[in-house]
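Laboratory data are not the source of any read-out in this text; all were calculated from the coordinates shown. As the structure is a prediction and not an experimental result, all values here were calculated from the model. Quick reminder, even Gly has a Cβ in these numbers, built from the backbone with ideal geometry, and neighbours come from all protein chains shown.
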Amino acid sequence: RYQPTWGSLDARPLPAWFDEAKFGVFIHWGVFSVPSFGSEWFWWYWQKEKREPYVKFMDKNYPAGFSYEDFGPLFTAEFFDPNQWADILKASGAKYVVLTSKHHEGFTLWGSKYSWNWNAVDVGPKRDLVAELATSVRNRTDLHFGLYHSLFEWFNPLFLEDATNAFKTRKFPTSKSLPELYEIVTKYQPEIIWSDGDGNAPDTYWNSTGFLAWLYNDSPVRDTVVTNDRWGAGSICAHGGFYTCSDRYNPGRLLPHKWENCMSIDRSSWGYRRDARLPDYLAIEDLVKQLAETVSCGGNLLMNIGPTHDGRIAVVFEERLRQVGAWLKVNREAIYGTRPWRAQNDTVTPGVWYTFSPKEGKVNAIFLSWPVSGVLELGEPQAKLGETQVKLAGYKELLKWVALGEKGMVIALPQLTPQQLPCQWGWTLQLTDVN
């Protein structure tokens with residue numbers, strides 16, 4: 001049994017499915033999706049920091065005295081079709097999904113008995129959004145279902161009182177945050193608990209180790225659940241399951257501990273923004289590059305979308321997800337179930353990232369731009385005459401190559417028209433029997 005200490009909890013092996021999955025979709029959805037302006041931190045920027053664009057936006061569009069709570073009934077979700085969401089998630093090629101069950105605003109997407117009148121069953125949609133998505137994902141896909149949960153809440157009076165007492169009192173975690181965590185685990189059995197928002201309070205205030213010991217020992221998901229590293233001030237990148245280290249974390253090198261790059265297709269927001277412009281969204285080329293870099297360095301990519309207040313996945317997000325799925329159909333063997341190779345990227349040609357398929361003993365070289373010369377020089381793999389074989393994923397015939405001894409090898413790519421290419425936005429060479 002795991003003890004409620006970091007020493008004991010950190011020794012728990014990460015369930016194997018998470019490392020094999022490589023790619024997940026993050027969904028930021030909540031009351032912040034109603035103003036859908038600027039950022040999902042709308043309430044904080046407007047009320048606490050009084051940032052000018054947010055104050056102006058409210059003055060111009062809403063009556064005097066309109067409060068953030070007044071947005072609650074406007075979070076309607078009338079177009080939310082969990083089956084359609086599940087089908088889009090499946091088409092993306094993702095192996096897991098993480099939904100914001102509660103963000104820093106404190107509004108829960110399930111009918112929590114610890115969030116009276118500030119949840120999606122009492123207010124707004126009058127639906128248990130967590131239950132509906134969990135059911136559709138489990139019925140229609142093979143994705144693992146996960147939940148994000150914010151420990152703190154910006155304006156919760158109990159949290160503010162504890163903060164004033166320098167966290168010597170623990171009213172908020174005992175009456176709100178921890179009961180919610182036990183509730184979502186027992187009720188929805190998520191296989192990922194993605195914790196966030198420590199409010200600068202230590203893990204002892206949150207009793208994170210006590211909760212995690214229960215999660216790993218006695219909860220209904222004890223054998224399969226994975227957790228991240230955001231369990232109190234100082235725990236990020238140090239304790240918990242996989243490390244996130246920071247938002248949009250992409251170290252570009254191999255790390256000794258399993259990690260995740262959580263990033264958003266919208267460059268400047270996690271929630272939906274009505275004021276977003278096309279250049280604000282990452283292009284599919286950017287997303288494929290992030291996926292290749294992240295996986296080759298031993299990480300998982302968690303790619304975020306923000307649905308609308310009425311429950312739609314905006315067409316631009318759907319398109320990006322389906323494009324990633326189309327790319328993964330061809331290049332799946334270079335991503336799922338791979339391990340990092342001895343080199344992460346090539347020393348001679350930039351924009352080439354390596355992964356290793358242990359079952360087949362294959363080295364995968366993902367190259368992000370097709371060379372004009374039709375010849376790709378790789379400095380890392382050393383070919384063996386008469387043994388090494390080179391394939392282009394999605395193309396039938398073997399490719400010709402020349403060995404350069406310790407300097408690597410040169411590969412002749414097939415002469416193909418754009419229509420004949422097996423995919424767009426990045427290609428995989430599969431090398432067998434190389435040193």
What does the charge dipole of the chain about its Cα centre add up to, to the nearest 20 debye, if the Cβ of each Lys and Arg holds +1 and the Cβ of each Asp and Glu holds -1? 460 debye
So for segment 339-432, taking the charge dipole from beta-carbon charges (+1 Lys/Arg, -1 Asp/Glu), which of Leu385, Trp401, Pro340 sits furthest toward the positive end? Pro340
Within segment 227-297, which trypsin sites (Lys or Arg not before Pro) sit in a loop by DSSP and count at most 14 neighbouring Cβ atoms inside 10 Å? Arg248, Arg253, Arg267, Arg274, Arg277
Given Cα pairs under 8 Å that are at least 6 residues apart, what percent is the relative contact order of segment 170-270? 21 percent
In order through segment 413-422: 3J(HN,Hα) via Karplus (6.51 cos²θ - 1.76 cosθ + 1.60), integer Hz, x for Gly, Pro: 7, x, 7, 10, 6, x, 5, 7, 4, x
Cα gyration tensor shape for segment 157-311, rounded if a/c is under 1.5, else prolate or oblate: prolate
Give me, ordered by chain and number, the residues 5 or more places off Trp231 or on other chains with an amide H under 5 Å from its own placed amide H. Ile236
By the gyration tensor of its Cα atoms, with a ≥ b ≥ c the square roots of the eigenvalues, what is the shape of segment 1-94: rounded for a/c under 1.5, prolate for a/b over b/c, or oblate? oblate
How large is the Kirkwood hydrodynamic radius of segment 55-110, counting all unique pairs of alpha carbons, in Å? 14.5 Å
Cross-link partners among aspartates and glutamates for Lys126, C-alpha distance below 17 Å, same-chain residues fewer than 8 apart left out? Glu69, Asp70, Glu78, Asp81, Asp310
So how far, in whole Å, is the C-alpha centre of segment 119-155 from the one of segment 290-323? 18 Å
Amide H neighbours of Val226 under 5 Å, at least 5 residues apart or on other chains, H built in the peptide plane: list them. Ile192, Ile193
The chain: angle of helix 178-188 to the longest principal axis, Cα-based, in degrees nearest 10: 60 degrees
For the chain, what is the mean residue ellipticity at 222 nm derived from helices alone (per DSSP H run of n ≥ 4: -39500 (n - 2.57); sum divided by total residues; nearest 500 deg cm²/dmol)? -7000 deg cm²/dmol
At a Förster distance of 60 Å, what's the computed FRET efficiency of Asp433 paired with Asp218, Cβ-Cβ distance as r, to 0.05? 0.80
Among Leu89, Gly72, Pro35, the residue whose Cα sits farthest towards the positive end of the charge dipole of segment 28-89, when +1 is placed on the Cβ of each Lys and Arg and -1 on the Cβ of each Asp and Glu, is Pro35
Counting only Cβ distances under 4.7 Å between cysteines, those in the chain with no partner are Cys262, Cys297, Cys423
Along each of the three principal axes of the Cα atoms of the chain, give the extent in whole Å, ordering the values from largest to smallest. 74, 52, 40
For the chain, with the dipole built from +1 on Lys and Arg beta-carbon atoms and -1 on Asp and Glu ones, taken about the Cα centre, which of Trp118, Ser177, Trp231 lies farthest toward the positive end? Trp231
Taking the chain and dividing mean pair separation by its residue count, relative contact order in percent (alpha carbons under 8 Å, at least six apart): 17 percent
Of Lys50/Lys289; Lys56/Lys176; Lys289/Lys391; Lys258/Lys407, pairs whose Cα-Cα distance is over 26 Å: Lys50/Lys289; Lys56/Lys176; Lys258/Lys407
Cross-link partners of Lys171 among lysines (Cα-Cα below 22 Å; sequence separation of 8 or more within a chain): Lys102, Lys113
How would you rank 204-213, 57-66, 29-38, 344-353, highest first, on the average number of other Cβ atoms within 10 Å across their residues? 29-38, 204-213, 344-353, 57-66
Distance between segment 11-78 and segment 215-268 - C-alpha centres, whole angstrom: 21 Å
Checked segment 339-432 with the C-alpha gyration tensor, a ≥ b ≥ c its square-rooted eigenvalues, rounded below a/c of 1.5, otherwise prolate if a/b is larger than b/c and oblate if not; verdict rounded
Tell me the trypsin sites (Lys or Arg not before Pro) within segment 313-378 that lie in a loop according to DSSP and have at most 16 other beta-carbon atoms within 10 Å. Arg342, Lys359
Helix 208-217 versus the longest principal axis of the chain: what is the Cα-based angle in degrees, 0 to 90, to the nearest 10? 60 degrees
For a protection proxy built on the mean count of beta-carbon atoms within 10 angstrom, sort 387-398, 146-157, 411-422, 171-182 highest first, please. 146-157, 171-182, 387-398, 411-422
With Cα atoms, 0 to 90° folded angle of helix 284-296 axis to the chain main axis: 80 degrees
For peptides 72-83, 92-103, sequence by mean Cβ density within 10 Å, most packed first: 92-103, 72-83
